[in-house]
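*Asks:* For reference, the structure I am asking about is given below.
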């Protein structure tokens with residue numbers, strides 16, 4: 001869609017928001033339809049497919065054994081990657097990672113890492129020598145807004161159902177299930193978009209393109225883990241606290257949907 005078309009569409013989105021309305025008739029604090037399918041990839045020891053509206057994500061886990069970080073010699077390592085390719089949107093081109101791709105990986109990684117959801121000490125094989133490396137891979141099949149929430153939900157589902165590979169005689173048997181992944185909590189992200197002076201949950205693509213500001217809360221059953229703000233606009237302190245409280249409620253609803 002050209003810039004002129006987007007400008008016209010954005011004006012329409014702002015006009016709707018002023019009236020407390022959205023183009024798909026959703027309530028301001030309602031998600032699009034959500035579908036979660038664990039164990040989506042047959043030959044993976046942890047995977048999930050998540051759809052939020054027309055946004056379609058596949059998350060897969062892969063594993064290796066390597067050196068721990070020097071400042072955490074008894075902890076495993078998690079590494080988050082994503083692929084924003086032309087298959088998901090004509091806006092995504094092959095080549096070096098885009099700024100939004102880097103932000104996606106960082107925000108989703110932080111939501112899982114800061115939550116303490118994974119017991120990284122349980123991923124230590126031999127202190128200072130060998131630990132499990134878990135690669136959290138996000139594949140975008142179709143992009144129609146709100147990649148943060150869909151990606152975090154897909155990875156959390158994959159981790160919940162995932163297993164480490166069997167490890168014997170210093171060899172990884174990638175096709176054989178070992179121990180369950182030591183997941184202690186279920187981190188969830190909830191993203192709100194501010195358009196004009198109205199705030200809405202789960203922005204679709206047109207709303208993302210039109211937003212003035214964006215805020216994503218990552219929470220677990222225990223509380224807040226991380227916050228990411230985007231866009232050139234701002235939120236008042238009252239708006240932040242109000243939507244943080246809403247995120248706890250919405251996150252709990254999403255957890256109930258994870259099989």
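A short reminder: the numbers here are calculations on the coordinates, not readings from a lab. Source: prediction; values computed, not measured. Quick reminder, even Gly has a Cβ in these numbers, built from the backbone with ideal geometry, and neighbours come from all protein chains shown.
*Asks:* Order by neighbour count: 214, 255, fewest other Cβ atoms within 10 Å first, most last.
*Replies:* Final ranking by Cβ density, sparse to dense: 255, 214.
*Asks:* Next up: Measuring from centroid to centroid over Cα atoms, what is the spacing of the range 25-77 and the range 165-188 in Å?
*Replies:* Using only Cα atoms to place each centre, the spacing works out to 15 Å.
*Asks:* By how many nm would the segment from residue 54 to residue 18 lengthen if fully extended, with 0.36 nm per residue of separation less the alpha-carbon distance?
*Replies:* My answer for the length gained is 10.5 nm.
*Asks:* Taking the Cα atoms of the range 118-259 alone, what are Rg (to one decimal) and Dmax (as a whole number) in Å?
*Replies:* 18.4, 61
*Asks:* Sum -39500 (n - 2.57) across every DSSP H segment of at least 4 residues in the chain, then divide by the residue count to get the 222 nm mean residue ellipticity, nearest 500.
*Replies:* One gets -9000 deg cm²/dmol as the mean residue ellipticity at 222 nm.
*Asks:* Angle between the Cα long axis of helix 147-161 and the longest principal axis of the chain, 0 to 90 degrees, nearest 10?
*Replies:* 30
*Asks:* Tell me, 147, 120 in order of fewest to most beta-carbon neighbours within 10 Å?
*Replies:* Least crowded to most crowded, the residues run 120, 147.
*Asks:* Connecting C-alpha atoms closer than 10 Å in a GNM of the chain, tell me which of 145, 231, 76 has the biggest fluctuation.
*Replies:* Result for the chain, Cα springs under 10 Å: 231 fluctuates most.
*Asks:* Here's something else I'd like to know. What angle, in degrees between 0 and 90 and rounded to the nearest 10, separates the Cα long axis of helix 237-257 from the longest principal axis of the Cα atoms of the chain?
*Replies:* 60
*Asks:* Also: What does a probe at residue 257 reach in the range 218-240, counting residues whose amide N is under 16 Å from the point 7 Å along Cα→Cβ?
*Replies:* 219
*Asks:* Taking the alpha-carbon set of the range 218-259, what are its Rg and Dmax in Å?
*Replies:* 12.0, 37
*Asks:* Rounded to the nearest 0.05, what FRET efficiency do residue 69 and residue 170 give with R0 = 22 Å and r taken as the Cβ-Cβ distance? Could you check?
*Replies:* Efficiency at R0 = 22 Å is approximately 0.60.
*Asks:* Over the alpha-carbon set of the chain, work out the extent along each principal axis and list the three values in angstrom, largest first.
*Replies:* Sorted largest first, the three principal extents are 64, 38, 33 Å.
*Asks:* Using Cα atoms only, what is the angle between the long axis of helix 3-18 and the major principal axis of the chain, expressed in degrees (0 to 90) to the nearest 10?
*Replies:* Rounded to the nearest ten degrees, it is 80.
*Asks:* Quick one: order 132, 6 by neighbouring beta-carbon count within 10 Å, fewest to most.
*Replies:* 6, 132
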